[in-house]
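See below for the structure under consideration.
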Amino acid sequence: MVRREKAERLADEELMPLIGAKDPEAFEVFYDRHGGAAYSLAYRIVGERPGAEDVVQEAFISIWRSGARFDRARGSVRGWTLSIVRNRAIDALRSRAGKAPKLTFDDEAILEQRPAEELTEEEAMRHETQGELRGAVGSLPHDQAKVIELAYFGGFSHSEIAAMLGVPLGTVKGRMRLGLEKIRGELAEGLA
Amino acid sequence: MSEHNGHERWSEELAAYLLGALDPAEAAAFEQHAEGCERCRAEARWLAPAMQALPESVERAEPAPELRQRLMAEVLADVAGVEEGDTEERRGWRQRLTGAWSRLGDGPLGLRPLAGVAALALVVAAVAGYLVGSDGAAEPSQQGGAQETIVAGEAPGVVAEMVSEGEGGSLHLSNVEQLPPGKVLEAWVQRDGEVAPAPPLFEPDDRGQATTTFADIDGVEAVMVTVEPAGGSEAPTSEPILTMAMPE
């Protein structure tokens, strides 16, 4: 077991093998770093505190018990963690609504989604302030923001969104694409 | 092959895929295409930072300190479970469980365990509502509630959680493999070393999640789940996919 002071000096990617070896000090540091962002995301999705706490607890315990599975070549620990939290929150949201979970919320699959080439830009993005990130997302035109909101934070499929908004499926897909491209463009300007 | 494999059509799906808005079959088809399409993969890499910005852009909310306490209690209970795996108490549990199943095992084992789902023994791992002291011993918490996790655990293949509901409880399983046709899950409870079926029979949904309820869990020493023929069995006919010791 590492001492807390030492664990605090380690990078996330260095903490994960320790967590995989069941080091509670390493896990505590990991939670202190990302628990706030994880809870914020869960709360944003499920909309109530007890439910958000359940999601975070489940997600972090899942990570504690599968920490050794993290593969640093496939992305950052924070991105991986927030993906797990998001998927579990959507799962909880859909379960509460009496709907079968739509997606394959497999924590392992999250690792597969993110190629190593993302790392450089992602690491750079972590230095963006939260305000800048919120600004990039908040700058979207309403129709683009709406479809991204419904998909990412609401867990709705593109066909569900098309039905809800009364627009063609192709329009939903187009707005999603334009929205992500615009956020990406804002971030690119911030990184320049 | 990227230019001549329908990239333009698949490219329209990329944002929906990244946002998790494709149905599972559509997502699988997209992934299959993207494996052989460098343009799709390059576009995904370019858009990835935008996806990373979404969770980071939400309004910050502070979790209650109790969440951290519960989390660390669960983690420390896990560690204590590993380090004290051969304590007298745990040996006692193991003997009781082994004894129960060896008695049950006298009958024919008509069904092999599900492929890939190893027989699983869950130690008393997580006790929300219990506080773990510095010596790792669990003590009853003063933060009682109507519904609390009594015990939870995870091992390769299956995750399980028992939640109290009045005098009874509900057992939530996830990552359960799909059952062969004509098979169901049956739960069993052990009291005073005796094992009895605990209806109702249940099945995993298409995401591998399964839930069953227990009308009364008072005095239950252990809960087990086996795969049985449709209609259930009076005694287990297969090795358990789950054996969970309940806290005393």
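Of the residues making up region B:175-224, those that are touching a strand residue (DSSP E or B) at 6+ places or on another chain (Cβ under 8 Å) and small (Gly, Ala, Ser) are B:182, B:187, B:196, B:198, B:208, B:210, B:215, B:219, B:222. Scanning for something assigned to a helix (DSSP H, G or I), within 25 Å of residue A:57 (Cα to Cα) and not polar (S, T, N, Q), does region B:35-43 turn up at least one residue? Checked region B:35-43: no residue is assigned to a helix (DSSP H, G or I), within 25 Å of residue A:57 (Cα to Cα) and not polar (S, T, N, Q). Among the residues of region A:134-152, the ones that are farther than 23 Å from residue B:60 by Cβ and buried (at least 23 other Cβ atoms within 10 Å of the Cβ) come to 1 in all.
Counting only residues that are surrounded by fewer than 17 Cβ atoms within 10 Å (Cβ to Cβ) and part of a loop (DSSP other than H, G, I, E, B), region B:209-234 holds 8 of them. Of all residues in region A:112-119, none satisfies being facing chain B (nearest Cβ under 8 Å), within 17 Å of the chain's Cα centre (by Cα), at pLDDT 90 or above and surrounded by 20 or more Cβ atoms within 10 Å (Cβ to Cβ).
The residues in region A:153-181 that are part of a loop (DSSP other than H, G, I, E, B), surrounded by fewer than 15 Cβ atoms within 10 Å (Cβ to Cβ) and on the phi < 0 side of the Ramachandran plot can be counted, and the count is 1. Residues being part of a helix (DSSP H, G or I), buried (at least 16 other Cβ atoms within 10 Å of the Cβ) and at the interface with another protein chain (Cβ under 7 Å from one of its Cβ atoms) are represented in region B:62-69 by at least one member. Please work out if residue A:125 is more than 22 Å from residue B:31 (Cα to Cα), in contact with a helix residue (DSSP H, G or I) (Cβ under 8 Å, 6 or more places away or on another chain), modelled with pLDDT of 90 or more and surrounded by 14 or more Cβ atoms within 10 Å (Cβ to Cβ). Answer is no for this residue.
Sub-7 Å Cβ pairs linking a first residue in region A:45-72 that is at positive phi and surrounded by 22 or more Cβ atoms within 10 Å (Cβ to Cβ) to a second residue that is at pLDDT 90 or above and among the aromatic types (Phe, Trp, Tyr), at least 6 apart or interchain, number zero. In region A:2-31, the residue that is farthest from the other protein chains (Cβ to nearest Cβ) out of those that are within 21 Å of residue A:71 (Cα to Cα) and surrounded by fewer than 16 Cβ atoms within 10 Å (Cβ to Cβ) is A:9.
Of all residues in region B:17-40, those satisfying the criterion of being within 7 Å of chain A (Cβ to nearest Cβ) and either surrounded by fewer than 17 Cβ atoms within 10 Å (Cβ to Cβ) or touching a residue at least 60 places away in the same chain (Cβ under 8 Å) (or both) are B:23, B:24.
The values are calculated or read from the model by the stated rules, or taken from the named source; none is laboratory data. Worth saying up front: this structure is predicted, and the values here are computed from it rather than measured. Heads up, the Cβs are rebuilt from the backbone with ideal geometry, glycines too, and the neighbour counts pull from every protein chain shown.
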